[in-house]
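Q: I'd like to ask some things about the structure below.
Values in this text are rule-based calculations from the coordinates and carry no lab data. Fair warning: this is a prediction, and the values are worked out from it, not measured in the lab. Positions of Cβ are generated from backbone atoms using ideal geometry, with glycine treated the same way; all protein chains shown enter the neighbour counts.
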Amino acid sequence: MVAAHTRPIPPAMKAFLESVLPPGTVNVARRWRLALGALAPDAKSSAAYWTQHHVDAPEAGFESVDASLAHLDWRNGMYPGTLDLMPLDDAVGLTVLDYGCGPGNDTIGFAHHSKPKALHAVDVSSTALALAQRRAELHGFDVDFQEIAESPVTLPFDDASFDLVHSAGVLHHTPDPAAILAEFHRVLKPSGRARIMVYNRDSVWMHLHVAYRSMIVQGLYKGATKDDAFRRTTDGDRCPIARAYVPEDFIALCQTAGFDATFAGAGVSLLELECLDLRFAALRDQRLDSESRAFLGALMFNDRLWPLYRGHVAGINGCYHLQRA
């Protein structure tokens, strides 16, 4: 099969693209490649991917403050329990860094619910930063937005600048999370703290949605490992990096950067709660791998009917609280 980026543009398609695209806004050949579903070569990096994609925010921005806040509430509601572990309302008077702010969901949450002393937000995606900045301006919030590089990971801030570093759903997409954690350690004040959410391998998402529903029932990702299939289910099939960590491994990673870290627990997604009805069908299926079978067989449930594994909610959003050692 000829790679999409080598295919010539049919004359009719080229004429159409040139007619609808403003002059000079984007290379027509590049738009053709994207229309075929192929990422350009430079989009193999996480930075390029997240410049072309953003999470759950309208490209045209929000029409009102109420619409922005309603979207924030909706998004938080998609992951029950996460906000309790990664709160946005306890940073009153603090200097806060939102690392990997995306289109500004948590940045707006901090500004609205906490009124920090100073709020800084960084991201590798210029697209996401533009969306976040427009959203902050809509609210009238004073936020310092800065674009950062995927590599090197050095942050544009002095040592001991922040009381709180917040990073939700970011480090599991990065090539060198250990180096980023070391930067968090550098820019935090001695009494500062960090809160980080990364994907949780001990999750219904990994062991039921991916291992059973996606790979066995739907027959997707033939020949892929379970971890690669997980990557492809979370943030788009072409997302270059999406790791899932067991708590012990992520805590060890934090310790190498000089942190004392604790696994605070996990938030569960509505998708995970939805697919729990498949649990017993999965356990009966001989094709399910032994790791996922053991995980599903060990699940218990709390009074909210959320799944528990080893005493913690077995959701995808693994949350960690860090302090300088």
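Q: Rounded to the nearest 5, what % of the DSSP beta bridges within the stretch 231-325 are antiparallel ones?
A: Rounded to the nearest five, the antiparallel share is 100 percent.
Q: Using 0.36 nm times the number of residues separating Asp90 and Val217, minus their current alpha carbon distance, what extension gain do you get?
A: Working: separation 127, 0.36 × 127 = 45.72 nm, distance 4.31 nm.
So the chain would gain 41.4 nm between Asp90 and Val217.
Q: Would you mind calculating the relative contact order of the stretch 181-325 from Cα pairs under 8 angstrom and at least 6 residues apart, reporting the percent as a whole number?
A: 42 percent
Q: Kirkwood-based Rg over Rh for the stretch 65-324 (C-alpha set), two decimals?
A: In the stretch 65-324, Rg relative to Rh is 0.98.
Q: Whole angstrom only: what separates the Cα centroid of the stretch 158-220 from the Cα centroid of the stretch 251-293?
A: First find each Cα centre; the distance between them is then 14 Å.
Q: Additional query: Using 0.36 nm per residue, how much length does the chain from Lys115 to Glu291 gain when fully extended, once their Cα-Cα distance is taken away?
A: On the way: separation 176, 0.36 × 176 = 63.36 nm, distance 4.49 nm.
The span from Lys115 to Glu291 would gain 58.9 nm if fully extended.
Q: Additional query: Assuming 0.36 nm per residue, please report the length gained on full extension of the stretch Leu69 to Ser126 beyond their Cα-Cα distance.
A: Working: separation 57, 0.36 × 57 = 20.52 nm, distance 2.25 nm.
Taking Leu69 through Ser126 to full extension adds about 18.3 nm, to one decimal.
Q: I would also like to ask the following. Would you order Cys239, Cys319, Cys101 from fewest to most other beta-carbon atoms within 10 Å of each residue's own beta-carbon?
A: Values: Cys239 17, Cys319 26, Cys101 31.
Fewest to most other Cβ atoms nearby, the residues stand as Cys239, Cys319, Cys101.
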